[in-house]
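Reading through the structure tokens given below for one structure.
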Amino acid sequence: MAVTQRLGIAQQPGLALTPGMRQSLQILAMPPLDLAQVIAREAGSNPFLRVTPPSRGGLSAYDIALETVAARPSLGEGLRRQLGQMSLPGDVHAVAIYLTGALRDDGYLDATDAELIEETGQPAELVAEAIAALQRCEPAGVGARDLAECLALQLADKGVAPDLAAQVVAHLDLFAQDDWTALSRRLGVPVTEVKALDAALRSVSPHPVDGGETSAMPLVPDLVVDRGPDGGLAVRLAEGVMPALRLDSALLARVPDVHDPFVAAARARAEALIRAVGQRGETLLRIGGRLVADQHLFFTRGPENLAPLSRRKLADELGLHPSTLGRAVAGKVLMSGGALYPLSLFFPSGLPAGRGGRVSSHAVKIAIRRMVEHEPATTPLSDAAIRARLNADGIDITRRCVAKYRESMRIPSSFERRRRARDHKGPAADHGLKG
């Protein structure tokens, strides 16, 4: 049987990522200050974009952006600049630019390969090339999908061969035990090189982007939750934060030739930005409305009543793609009762509780902190004792998990708390709690 090749045309359904879609997703991912900077830059070069600063008193995101427009660029801006300096095929560059809007605040790429292929409508090989291009950017580790990949990327940036870096992170347990002989055998390198790899491993970070790098920037809320006289809750976009945008129709009417390439391009950019900013506000309002409904007890009774909530569940409720929800949540802040809360706070993991229920990890952390704050200074609670108390309250948690939560809140071990209490001497001894 002869095999012949034929060329044919077929239709295949798929989602093509248009420039307008890319811009809308990038705008959705931007915190208020980054968005205000984008608006300020476009307004400075586009005569057809009319920007009305917020009328409310005090500094708005737009005011701050005008003062800091030349300051250190945001993570997304820095990555897009680096990608622009690479020699990438056009379609790979477009997808890589799109990926900069899919990153979490800490630089991880939350979307799976399958989700990215579905969103962009591009083949797996092209998406993989775009991810690889993103991961060649600084800071090292950006675009990693998990901790192992993050550490491997950072080791490779320090000069470790990629294959060896992958083997190193696969044997973290042996590095933790300082088992140089076993590591030398597993990795196929001398013990002296194993120790050098251990030093390199200790110098990398579990997060590509240090949250402290942006801690000096002011927090600007996108959403506000108000409580009415009847106790009902309502969510709205924060006033006095973002400027109002509109097309300058009067100026367009005076243009002799509306088909002039410069005029047409400037008008299209202004309309696209206005549309993307409007869609961003609508999406955030929808998310805020669902958060108020799903986390009602948090807003009415306090943070210890935060309920477990997955991003996928909320995305399904809103009819959004999980990665789209992730972009909308990243870097956004909600104000309620005069306090500011990052939207990411409302998606804590859950632990089994009594009678088949679940309790959020955030609520468990609050319980642990309160136990430590009220423990006897000279006989602090061990992690095992804290676990026993939580178990008695119906919360199924391991001692290892208690230790992880305690360390995440920068609470020292019971041994260290006892030592500090002994050094300070007296019932008012400092427990050493930080933050």
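So Gln122 fits all but one of (1) buried (at least 22 other Cβ atoms within 10 Å of the Cβ); (2) at pLDDT 85 or above; (3) closer than 27 Å to Leu219 by Cβ; what number is the exception? The number of the failed condition is (3). A single entry from Gly58, Gly76 fulfils the requirement of being within 16 Å of Met30 (Cα to Cα) and either in a helix (DSSP H, G or I) or modelled with pLDDT under 65 (or both): Gly76.
Each row is one residue, and each column tells you yes or no for (1) touching a residue at least 40 places away in the same chain (Cβ under 8 Å); (2) under 25 Å from the mean Cα position of the chain (by Cα); (3) closer than 30 Å to Arg418 by Cα; (4) in the same structural domain as Leu116 (by TED's automatic domain parsing).
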position: Leu273; (1), (2), (3), (4): yes, yes, no, no
position: Glu282; (1), (2), (3), (4): no, yes, no, no
position: Leu291; (1), (2), (3), (4): yes, yes, no, no
position: Ala330; (1), (2), (3), (4): yes, yes, no, no
position: Leu334; (1), (2), (3), (4): yes, yes, no, no
position: Tyr341; (1), (2), (3), (4): no, yes, no, no
position: Ile368; (1), (2), (3), (4): yes, no, yes, no
position: Asp383; (1), (2), (3), (4): no, no, yes, no
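Consider Asp163 carefully, then state whether it is assigned by TED's automatic domain parsing to the domain that holds Arg186 and not basic (Lys, Arg). It is true that Asp163 is assigned by TED's automatic domain parsing to the domain that holds Arg186 and not basic (Lys, Arg).
Within the range 260-282, the residues that satisfy the criterion of being at pLDDT 90 or above, surrounded by 14 or more Cβ atoms within 10 Å (Cβ to Cβ) and either over 27 Å from Asp222 (Cα atoms) or of a type in the set (Lys, Arg) (or both) are Ala266, Arg267, Arg269, Arg275, Arg280. Listed by first and then second residue, the pairs with beta-carbon distance under 7 Å, at least 6 apart or on different chains, first residue in the range 295-324 and among the aliphatic types (A, V, I, L, M), second part of a loop (DSSP other than H, G, I, E, B), are Leu297/Ala307; Leu306/Gln295; Leu306/Pro348; Ala307/Gln295; Leu309/Gln295; Leu309/Phe347; Ala315/His321. Residues that are in a loop (DSSP other than H, G, I, E, B) and closer than 30 Å to Arg286 by Cβ are absent from the range 159-180. Among the residues here, Ile97 does not qualify as closer than 30 Å to Ala199 by Cβ, β-branched (Val, Ile, Thr) and modelled with pLDDT of 85 or more. Selection within the range 295-314: residues that are out of contact with any helix residue (DSSP H, G or I) (no Cβ under 7 Å at 6 or more places or on another chain) and surrounded by fewer than 16 Cβ atoms within 10 Å (Cβ to Cβ). The member of this set that is farthest from Ser336 (Cα to Cα) is Lys313.
The values are calculated or read from the model by the stated rules, or taken from the named source; none is laboratory data. Everything numeric in this text was worked out from a predicted model, so none of it was measured. All Cβ positions, even for glycine, are placed from backbone atoms using ideal geometry, and neighbour counts span all protein chains on display.
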